[in-house]
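Here's the structure we're looking at; comments come further down.
No lab work stands behind these numbers, since they all come straight from the coordinates. Please read all numbers here as calculations on a predicted model, not as lab measurements. Glycine gets a Cβ as well: all are built from the backbone with ideal geometry, and neighbour counts include every protein chain shown.
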Amino acid sequence: MTTDFLVIGSGIAGLTYALKVAEAYPDKAITILTKAQSDETNTKYAQGGIAGVMDFDNDSFNKHIEDTLIAGDGLCNREVVEIVVKEGVERIKELIEWGARFDKDKDGDYSLGKEGGHSEFRILHHKDVTGKEMERALLEAIRRRKNIELLSHCFVLDIITQHHLGFLVTKATPDIECYGVYVLNLNTNKIEKIIAGTTLLATGGNGQVYRTTTNPAIATGDGVAMVYRAKGRIENMEFIQFHPTALYEPGVRGQSFLITEAVRGDGGILRNHKDEAFMSRYDERLDLAPRDIVARAIDSEMKINGTEHVYLDCRHFTKEQFTAHFPNIYDKCLSIGVDITKDMIPVAPAAHYSCGGIKTDEFARTSITNLYAAGECASTGLHGANRLASNSLLEAMVFAHRAYKDVATRQGMPKNLLPENLKLVEAIPNWKSEGTNAPKEMILITQSVKELKLLMSDYVGIVRNNERLLRASKRLDLLYEETEALYQKTAVSPQLCELRNMITVAYLVVKCADFREESRGLHFNTDYPEKANMVQNIVL
Ligand code: FAD
Ligand code: SIN
């Protein structure tokens, strides 16, 4: 199969890019691949909303820029921050034109929320199910375009480069090119190769590498792992953001339900088991300090008091006040016996967002030619050492647009589809599966996944130290060896590939954490509790 524009991922980044390219090139073919159902994405679960300067009487681009830089703790790329904040407003307007609905107040103005690290109310939302509304609007817009084909249950295994033509490709190879992907079509159980003029990776985050996460099962860092295997550049993976307030439900594994930070923005108060509103001991911004600070404060309270969670107190809200903004959270809490008007909500931090990822430039270009990356899988320079709340949906749209702008500046046919290059492309071999057999027992995969999540949570969580990182590294080496041996003799399956990808992502997180001999933003190492003088990105 060949296509002009290939998109991997059906979240906000992939869908935004596909819509733009489809509109600009009605005669070209756009193919979107997604490994699960089309709407099963991190995007769908976004609650708080999308940050953007809408109220110019009280807010300004400068304030949003400053808030982003402060949260990023010295590591943001200022130029990128300015691009995202300034261009973001246009992208939000486009989203609204595509059909996304955001809440308004009684005067017809957008009702703006506030979250940690924001100095103003600037977060557009759709109740507490903003992502679901955005995903709905985008998918509906996609279905209206005749030149877009969205193929669900298609698991991308690897990107195709010169390596697959038999050339030696290393990190030092100057012009690695992407020709498309190998994909396991779960509908037919066949491995196909798709040749594309241009490929965009929009594969989302990697929260599933941890035991407790707000991310759905799809978030296994596949895009990052694929680029690393293809010898592309990966950056700042140590900055894993833990959301301070995931609902604590003992026994629940997989995806934790989020209690949006907007609840604290509207006045929710964190308390420990002694009923103390403890945030005053940690930061003058109290419950609305940036996420790294609040998550560490909760972690510390849990350790001091020997508890598995703290509480979010919303008892001062009436049911009407609370459900006006947070009906979904109200229902979820009630379903587990927590009436938020009478009971405090048990909450604990959970892995939530990957600030680092595939290194990209200001037009979403990766270090591999013909390969773009946008959304959570990319490291653009916006978030630095800690993402400001509700900036990621904005970033995904801005860089999806910039990737589209960049492909639009290219002349004529995408390079790989030029007639003289087709010969080369025809030489790309089919996926080799000789010598592999169906897995005898899944336990070899599922147990390794459990071990991986445990070691990452226990050794590479909110607070780290050198000994923990060393232990994590040794255990990862073993998991890597065992999994590679299994991979050589076993027919590929999503479970095996995801395990492999998660081990790669975990390795990259540990490696970057190990290189960063300081504490900054989301990376806190008790052996280096201070910030180093030299501020730098870690690129692998
Ligand atoms: P995603 O939306 O995660 O989409 C990834 C896509 O890639 C999926 O379609 C997946 O199937 C596909 N994919 C992955 N691997 C493969 C593969 N191997 N083959 C084929 N397809 C593949 N951010 C905000 O700005 N505001 C918020 O309020 C907010 N709330 C959040 C709440 C929750 C609970 C969570 C989890 C995140 C939240 N975030 C929020 C973060 C934000 O939602 C994500 O960063 C953003 O949606 C990521 O979008 P994306 O397009 O990059 O990836
Ligand atoms: C939230 O609603 O608290 C999540 C917002 C985000 O991750 O940006």
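Between residue 485 and residue 428, what FRET efficiency follows from the Cβ-Cβ distance if R0 is 25 Å, with the result rounded to 0.05?
Rounded to the nearest 0.05, the efficiency is 0.40.
May I ask for the net charge around residue 160, where only other residues with Cβ less than 12 Å from the Cβ of residue 160 are counted and Lys, Arg are +1 while Asp, Glu are -1?
-1
Find out how many positive minus negative residues lie around residue 2, taking Lys and Arg as positive, Asp and Glu as negative, among other residues whose Cβ is under 13 Å from that of residue 2.
-2
Say each of residue 532 and residue 305 gets a label point 7 Å from the Cα, pointing the same way as Cα to Cβ; how far apart are those two points in nm?
Reported label-point gap for residue 532 and residue 305 is 3.7 nm.
Which FRET efficiency, nearest 0.05, do residue 57 and residue 443 yield, Cβ-Cβ r, R0 45 Å?
0.15
Which whole-number percentage describes the relative contact order of region 380-530, with Cα contacts under 8 Å and a sequence gap of 6 or more?
It rounds to 27 percent for region 380-530.
Using only DSSP helix segments of four residues or longer, with each worth -39500 (n - 2.57), what per-residue ellipticity at 222 nm results for the chain after dividing by its residue count and rounding to 500?
Taking each H run of at least 4 residues, the total per residue is -11500 deg cm²/dmol.
Express as a percent, rounded to the nearest 5, the fraction of DSSP beta bridges in the chain (both residues included) that run antiparallel.
55 percent
Once you list every other residue whose beta carbon is under 11 Å from the beta carbon of residue 258, what net charge do they have if Lys and Arg are +1 and Asp and Glu are -1?
-1
Calculate the dipole size of the chain relative to its Cα centre from +1 charges on Lys and Arg beta carbons and -1 charges on Asp and Glu beta carbons; express the result in debye to the nearest 20.
The calculation lands at about 1180 debye.
Full-extension gain between residue 190 and residue 477, please, as 0.36 nm times their residue separation minus the C-alpha to C-alpha distance.
100.2 nm
Taking the highest mean first, how do the peptides 486-494, 386-394, 129-137 order by number of other beta carbon atoms within 10 angstrom per residue?
By packing density, highest mean first, the sequence is 386-394, 129-137, 486-494.
For the chain, calculate the relative contact order in percent as a whole number, restricting contacts to Cα pairs under 8 Å that are 6 or more residues apart.
Reported relative contact order: 21 percent.
Once the Cβ-Cβ distance between residue 318 and residue 171 is put in as r, and R0 is 51 Å, what FRET efficiency do you end up with, to the nearest 0.05?
That gives a FRET efficiency of 0.30.
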